[in-house]
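FYI, it's all coordinate maths here, none of it is from the lab. It should be emphasised that the depicted structure is a prediction, and the values quoted were computed from it without experimental measurement. As a convention, Cβ positions derive from the backbone with ideal geometry for all residues, glycine included, and neighbour counts pool all protein chains shown.
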Amino acid sequence: MGVANQAGQMIMILVMRYPAFRTPARLVAVAVAAALLTVLAACGGDDGGAATGRPTVVVTTSPLGALVRDLVGDTADVEVLIPNDLDPHDFQPSVKDAERLARADLIVSNGAELETGLEGAIAQARRDGVPTFVMAAHVPLRSGPESGHDGEEGHDGEEGHEHGASDPHIWLDPVLMARGMAALAPVIEAKLSVDLRDRPAQQRARLAELNARLQKAAAQIPAARRKLVTGHDSLGYFARRYGFEVVGAVIPSLSSQAEPSAAQVGGVVATIRREKVPAIFSETGTPRAVAEAISSDSGAKVVDLTTHSVADDGSYYTTMENLMTTIADNLRDGG
Ligand SMILES: [Zn+2]
């Protein structure tokens, strides 16, 4: 963090706090000073920034980051905050992560309590004047299952459980993402002062083509075999879109961070046997030992599935096709 950056932040604070600095002449002076400081900061090169002169969008998760990159092309730099192999449900930001959020020209988050560990740092950046866009606020959300009651009785109307909590796993439905990205595009253009030209329309077409390919792939699986057991309750939107039924989960919760009870584990084993489900799709954050125990008791094999991160090529489209292929390969001839 160089002197130039600190001076730049002070100017920003002055402009935000004191309306007198917003008069046209002063704004020009501030803009010139800010431009000079940006050049100084770029020359200093001590903050690890890309120094491309382009605005920076900081995106919390890699699936959303892949879509934002696909949308903005070379008009802006896109930084993904949560590393691709880490569980967003369980991510805690470092001081450096908070600095990246504070320096962003726009923050794009998933929301609906996916990145709960980041909420404080994002709120702080918003208070400091960084524009934010929460994807979950722009798509219709489904409610998760009422959790925590399997095998329990006599708790009618009890408060404090996750009754009807909103499902945050919206990126696993390309149709929802087309809607969310259509809402994001004008925000990017306004907040970053960039022209996306026909990029939003091109992305909409790519998402529609992806959806058609996924529909076709799902149709190859006999309807009676379209039954999913996942690490946690992450594929609700995906299942609804492509005609699957989520019959159970290693952790029957919208977050990977809940603890399954013995009764819940026993219930999943019974469901797998009854429904003749051949595979348990394990995800980032799925407790391996619990998945293996369910596997040995039920006869279903454990299969790793990428749901909260992106494929090695960084493409959202590849990621979704890989997801469907892995599911289809393991359900089509199983049972
Ligand atoms: Zn999840």
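Observations, loosely collected:
- Anchor LYS276: lysines whose Cα lies under 19 Å away (excluding residues fewer than 8 positions away in-chain): LYS227, LYS301
- What the Cβ-Cβ distance of VAL187 and SER261 gives, at R0 = 45 Å and to the nearest 0.05, is a FRET efficiency of 0.60.
- Here the Karplus relation 6.51 cos²θ - 1.76 cosθ + 1.60, evaluated at θ = phi - 60°, turns the backbone of the stretch 81-97 into coupling constants of 7, 7, x, 4, 8, 9, 7, x, 5, 10, 8, 10, x, 8, 4, 5, 4 Hz, with x for every Gly and Pro.
- For the stretch 217-331, diffusion coefficient by Stokes-Einstein and Kirkwood Rh (Cα), 4 °C, 1.567 mPa s, µm²/s: 92
- The overall shape of the stretch 161-218, judged from the alpha-carbon gyration tensor, is oblate: a/c is not under 1.5, and a/b is no greater than b/c.
- The distance linking the stretch 46-114 with the stretch 199-214 is 23 Å (Cα centroid to Cα centroid, whole angstrom).
- Electrostatic tally near ARG213: other residues with Cβ closer than 12 Å to its Cβ, Lys and Arg +1, Asp and Glu -1, net 0.
- Other residues within the sphere of radius under 9 Å centred on the Cβ of LYS227, judged by their own Cβ, net out at +1 (K and R +1, D and E -1).
- Scanning residues 5 or more positions from SER253 or on other chains, those with amide H under 5 Å from its amide H are ASP233, with H placed 1.01 Å from N in the peptide plane.
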